[in-house]
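Following: one structure in structure tokens, then a few remarks.
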Amino acid sequence: MKISQITLENFKSYRDHQVVKFSIDQDKFITVIEGQMGHGKSNLLNAFYWCLFDQYWDSDKHELQTSPDPNTVFLFNKGVLKERSSEGEHVDILVEIEFFDDDSNKYLVKRTQSGTYKSKGGWNFQRLSQLLLDRRSSLDGTNKSFEGELAVAEIENLFPTSLSNYFLFRGENRTELVQLQGKTKFQDALDELSKVAVFKRSVRHLEAVRDDLRRELAEEADDELKTQIQEALSSKSDAQKVLSDFQEALKGLENIELQKKEEYEKYRDLIKKNFEVLELKNKIEKEEGEIKRLGSQLDILHEERRKLITKKWGGLLLKDVTTKINQRYQQAVNSGIYPPDIKITLIDKILHDLRCICGRDIEKESQEFELINRLKEVGSFDHLMGAIEALMGDVNRVDNLLNQYPQDIKAQSEREQSIRSEMQERSTRIEGWKKKIGDTSETLKELQDKQDAAKTEQEKTTDKIKQTKNLITEKYNEIDKLEGELEDCQKKLEQNKLPSIKANLADKALKEIRKLKRLYEKTIYEDLEKYTQEHWDILVYDKLNYDKIKLNSEDNYFEVYDTDGNPTRSIMNTGHSILLVLSFISALTRLAKETWKEEYPLVMDAPTSEIGDSAIQSALSGFTKVFNQVIVILKDGSVPNELPKSLQNKVGKRYWIEMDKNRQHSIVEPKELVYA
């Protein structure tokens, strides 16, 4: 299968009707979609889950919900709901996926759900979504439509639900996948991809046919043998029912064991986080102290700026006065009679002639006349001349102050901006640390108690599992014993009669199909282990000390051994764990392709979220060698604007997700393909 496009409208953050086309070119089979945190990347993956499987991944609760209720889960775009909150308004959400199967038949899966606004009760949503599937034949172009359960069954044939966790990859789900937790899920997925399920169904069918033939044989036997056969068949049937109950109980216990193991690991991580929180809180306290100190510095700079501005305005007010004083002074100097030998007679002459030594006329009733008249009361004029010279010095200093002012203000602004930037950087660090801290309402003791309780329950469940497995073994032995009795009875009957011939043929066929099933399963597991190892070698940038990958087929668990043969899976870093998951998933898809010529596309959200920057490009380049069609959703900055040459002729389309916060709408825009 290859997914050609997805259409979204009013689903989560995707408000307006928009179509995103994916590359289905045989060579350029990678589509890269990038976006910042909170811009709608995970919502896009959820659109695939919802449309194909009526599922929704709730990242807050860390659970995959089936038939999500829009009254408790925000499936509808919040912006459009707010805008249309009027009596009788109607809103539909739509996700439509177009894809082609390996025979080039075209499919269109369309899932919708609607809501109506009531002024008294608010929004009233349809509880269940509506599903429609259209198929167009590549041979004659005819169309066939499927609705409801028929559409579900048809999609199940194309995209089995058991595979949803594998070809719809969530980076946060790596732990469950890499540990192959949920043995039933893993076994179902492997059975589906490898077609082991075909052998299992054949075994069950032949067992039922053989027992029916034995019942026919009993009718031709004497009373004693007939009774013996009927009792053995009845006992075997009862034993098989009990065995089935034990096997179901075992699955339940294994799920509980897994749940308790996850709880134990969860509380272990929370305890570790609790210590990290204390360290982060100390860092936050220190950073907040630094921000406070920088704030005080900023206040001081604000005050200095205020004083500078005051000086500026004062200088501007004095500018006219100093300019006039300087002009008068220069006029006096240029007249050639300044500085004169000032005497009382000169003052008398000025007052008599009403004319200043600078040539300016003075009116008798003016302020100037009064000031000059007072000079007669002053004995010596040396100090007056000194005052004049000092005044001219002040005039020059005011001019210099005004000329220097722009540079002072610029330097002041740069210091203030530097402090603001440092405060912002520290605040950003604090916000990041606070997000890491999250909810720390539980004390260390409470976490330790819960961890101990989970460990105790896990150990109890493990004991019950052992007991149940022993009961299953006993029941298998009982069934084998009854089988032996039935075979002995069968031998006592005439072998040349048709019922005996049929029963013998059915018995031989059953033994052969069982043998073939065991051989096939062995081959499948060997291939899965082999392919996972090969893809691991391709995807991993630096293998460090990790060397060989082994699959325990009984426990459904991958172990990774170092070069000395020691198990290292439990201490493997997060980046390598993700690459192990991707190696395993790509091995599954390769298995399906090589065994049954079926190709599965992969839609991956944050597959490289915790891989080091130096390893991301190597991993992406590896995708081109181990996957079929890939739609990879990455956080901003995971790959450079200029793609590495190793991806050239492999990436067919590249998009950028932008968020219009005012309209609460994610916009997927094409991005030019540029290579380094």
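Place the peptides 143-150, 202-209 in order of packing, highest mean first, counting for every residue the other Cβ atoms within 10 Å and averaging per peptide.
Answer by packing, highest mean first, reads 202-209, 143-150.
What full-extension length gain, to one decimal in nm, is calculated for residue 427 and residue 574 as 0.36 nm per residue of separation minus the Cα-Cα distance? Write out the running numbers ahead of the final one.
Values: separation 147, 0.36 × 147 = 52.92 nm, distance 2.80 nm.
Between residue 427 and residue 574, full extension yields 50.1 nm more.
Per 0.36 nm of contour for each residue apart, how much would the distance between residue 255 and residue 231 grow if the chain were fully extended, relative to their Cα-Cα spacing? List each step's numbers first, then the result.
On the way: separation 24, 0.36 × 24 = 8.64 nm, distance 3.60 nm.
In short, 5.0 nm is gained.
Residues of region 218-235 with the amide nitrogen closer than 18 Å to a label point 7 Å from the Cα of residue 496, along Cα-to-Cβ, please.
221
Roughly how many nanometres apart are two label points built 7 Å out from the Cα toward the Cβ at residue 517 and residue 594?
2.5 nm
Can you work out the PRE-style zone for residue 120? Point 7 Å along Cα to Cβ, and I want the residues of region 82-97 with backbone N under 15 Å.
87-88
Using per-residue counts of other Cβ atoms within 10 Å, averaged over each peptide, order 360-371, 214-225 from highest down. If you can, show how the numbers build up before the last one.
Numbers: 360-371: 10.8, 214-225: 15.1.
Going from most to least packed, we get 214-225, 360-371.
Label points 7 Å out from Cα along the Cβ direction at residue 90 and residue 139: separation in nm?
In this crude spin-label approximation the distance works out to 4.0 nm.
Return the distance in nm (one decimal) between the two label points of a simple spin-label model at residue 550 and residue 63, each offset 7 Å from Cα along Cα→Cβ.
It works out to 3.8 nm between the two label points.
Set the Förster distance to 41 Å, then compute FRET efficiency between residue 662 and residue 467 from the Cβ-Cβ distance, nearest 0.05.
Values: r = 62 Å, r/R0 = 1.50.
The formula returns an efficiency of 0.10 here.
Please compare each pair in 106/144; 481/511; 251/508; 261/475; 455/550 to a cut-off of 20 Å on the Cα-Cα distance and tell me which ones are over it. Mind showing how you got there, number by number?
Numbers: 106/144 11 Å; 481/511 16 Å; 251/508 31 Å; 261/475 28 Å; 455/550 27 Å.
Long pairs (Cα-Cα over 20 Å): 251/508; 261/475; 455/550.
Pulled fully out, how much extra length does the chain show between residue 220 and residue 543, if you take 0.36 nm times their separation in residues and subtract their Cα-Cα distance? Walk me through the numbers before you get to the answer.
Details: separation 323, 0.36 × 323 = 116.28 nm, distance 6.82 nm.
Stretched out fully, the residue 220 to residue 543 stretch lengthens by 109.5 nm.
Read the figures in this text as sums done on the coordinates, not as results from a lab. Small disclaimer: the values here were computed from a predicted structure and weren't measured. Counting neighbours? That spans all protein chains shown, and the Cβs are built from the backbone with ideal geometry, glycine included.
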